[in-house]
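Colleague: Sharing a structure with you now.
The values are calculated or read from the model by the stated rules, or taken from the named source; none is laboratory data. The structure displayed is predicted, hence computed values, not measured ones. Note that each Cβ is placed from the backbone with ideal geometry, even for glycine, and that neighbours are counted across all protein chains shown.
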Amino acid sequence: MEAALHSFLAGIPFLLTHFAVTIAMLVAGVFVYMWITPHDEMKLIREGNSAAAVSLAGAILGLAIPLSVCMANSASVWDIVIWGLVTLVLQLATFKVIDLWLRDLSKRIEDGEIGTAILLVSIKLAVALINGAAVS
């Protein structure tokens, strides 16, 4: 029991630091995502637009997946920061490419087209999984 308690006390500062850094990077990534999209997701969600909620949820998960892999495979906080930034840039660039590829995407989300949002989420999550695997 004493060894387990000692291990916990020694490890908890690392857990909390790695967790806090990763959450901060996720929050920053979500804010950048919301800044680069032409529509106001929060306004649309407050108005009851399900497509906007699905799309934003996919973006959050798409950013969180590779960040979680970075944290799981990190040797230090700097590993999380460096590789986390790489994965965030790749994810955000992918989202921007998808926006350009699917014409009138923002308009379609604003119009509440759930099919468009589902396609968008599936692409975001697929790329996030590949991104996470590449980082590990």
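Colleague: Against the condition closer than 21 Å to Pro13 by Cα and of a type in the set (D, E, K, R), how does Asp79 come out, does it pass? Step through it out loud before you land on a result.
Modeller: Working: closer than 21 Å to Pro13 by Cα: yes; of a type in the set (D, E, K, R): yes.
Yes, satisfied.
This table checks each residue for (1) buried (at least 18 other Cβ atoms within 10 Å of the Cβ); (2) among the small types (Gly, Ala, Ser); (3) within 15 Å of Gly62 (Cβ to Cβ); (4) out of contact with any Ser or Thr (no Cβ under 8 Å at 6 or more places or on another chain).
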{"site": "Asp111", "(1), (2), (3), (4)": "no, no, no, yes"}
{"site": "Val121", "(1), (2), (3), (4)": "yes, no, yes, no"}
{"site": "Ala128", "(1), (2), (3), (4)": "yes, yes, yes, yes"}
{"site": "Ser136", "(1), (2), (3), (4)": "no, yes, no, yes"}
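Colleague: A further question follows. Taking Ala57, is it under 13 Å from Val30 (Cα atoms) and of a type in the set (A, V, I, L, M, F, W, C)? Give the derivation first.
Modeller: Values: under 13 Å from Val30 (Cα atoms): yes; of a type in the set (A, V, I, L, M, F, W, C): yes.
Yes, satisfied.
Colleague: Among the residues of the range 58-87, write down those that are under 17 Å from Ile36 (Cα atoms), among the β-branched types (Val, Ile, Thr) and crowded, with 20+ Cβ neighbours inside 10 Å.
Modeller: Passing the criteria: only Thr87.
Colleague: Separate question: Need pairs with beta-carbon distance below 9 Å; first residue over 25 Å from Val86 (Cα atoms) and within the range 10-22, second of a type in the set (Ser, Thr, Tyr); sequence gap 6+ or separate chains.
Modeller: none
Colleague: Taking the conditions exactly as written (buried (at least 16 other Cβ atoms within 10 Å of the Cβ), under 24 Å from Pro38 (Cα atoms), without any contact (Cβ under 8 Å) to a residue 60 or more places away in the chain and of a type outside the set (Phe, Trp, Tyr)), does Leu90 satisfy them or not? Lay out the reasoning, then the answer.
Modeller: Values: buried (at least 16 other Cβ atoms within 10 Å of the Cβ): yes; under 24 Å from Pro38 (Cα atoms): yes; without any contact (Cβ under 8 Å) to a residue 60 or more places away in the chain: yes; of a type outside the set (Phe, Trp, Tyr): yes.
Considered against the rule, which asks whether it is buried (at least 16 other Cβ atoms within 10 Å of the Cβ), under 24 Å from Pro38 (Cα atoms), without any contact (Cβ under 8 Å) to a residue 60 or more places away in the chain and of a type outside the set (Phe, Trp, Tyr), Leu90 comes out as yes.
Colleague: Turning to a different aspect of this structure: Residues being at positive phi and of a type in the set (Asp, Glu): count how many of those fall in the range 76-129.
Modeller: Going through the range 76-129, the residues at positive phi turn out to be 104, 112.
Then drop every residue that is not of a type in the set (Asp, Glu), which leaves 104.
The total comes to 1.
Colleague: From the list Ser76, Ser50, pick out the single residue that is touching a residue at least 12 places away in the same chain (Cβ under 8 Å) and of a type outside the set (A, V, I, L, M, F, W, C).
Modeller: Details: Ser76 fails: touching a residue at least 12 places away in the same chain (Cβ under 8 Å).
Answer to the check: Ser50.
Colleague: Out of all the residues in the range 74-102, which are polar (S, T, N, Q) and over 18 Å from Gly58 (Cα atoms)?
Modeller: Taking the range 74-102 and keeping what is polar (S, T, N, Q), we get 74, 76, 87, 91, 94.
Ser74, Ser76 - these are the residues of the range 74-102 that are polar (S, T, N, Q) and over 18 Å from Gly58 (Cα atoms).
Colleague: Go through the residues of the range 117-136 one by one and say whether even a single one is in contact with a Phe, Trp or Tyr (Cβ under 8 Å, 6 or more places away or on another chain) and at pLDDT below 95. Spell out the reasoning first.
Modeller: Of all residues in the range 117-136, those in contact with a Phe, Trp or Tyr (Cβ under 8 Å, 6 or more places away or on another chain) come to 124, 135.
Now narrow it down to the ones that are at pLDDT below 95: 124, 135.
The answer is yes; a qualifying residue exists.
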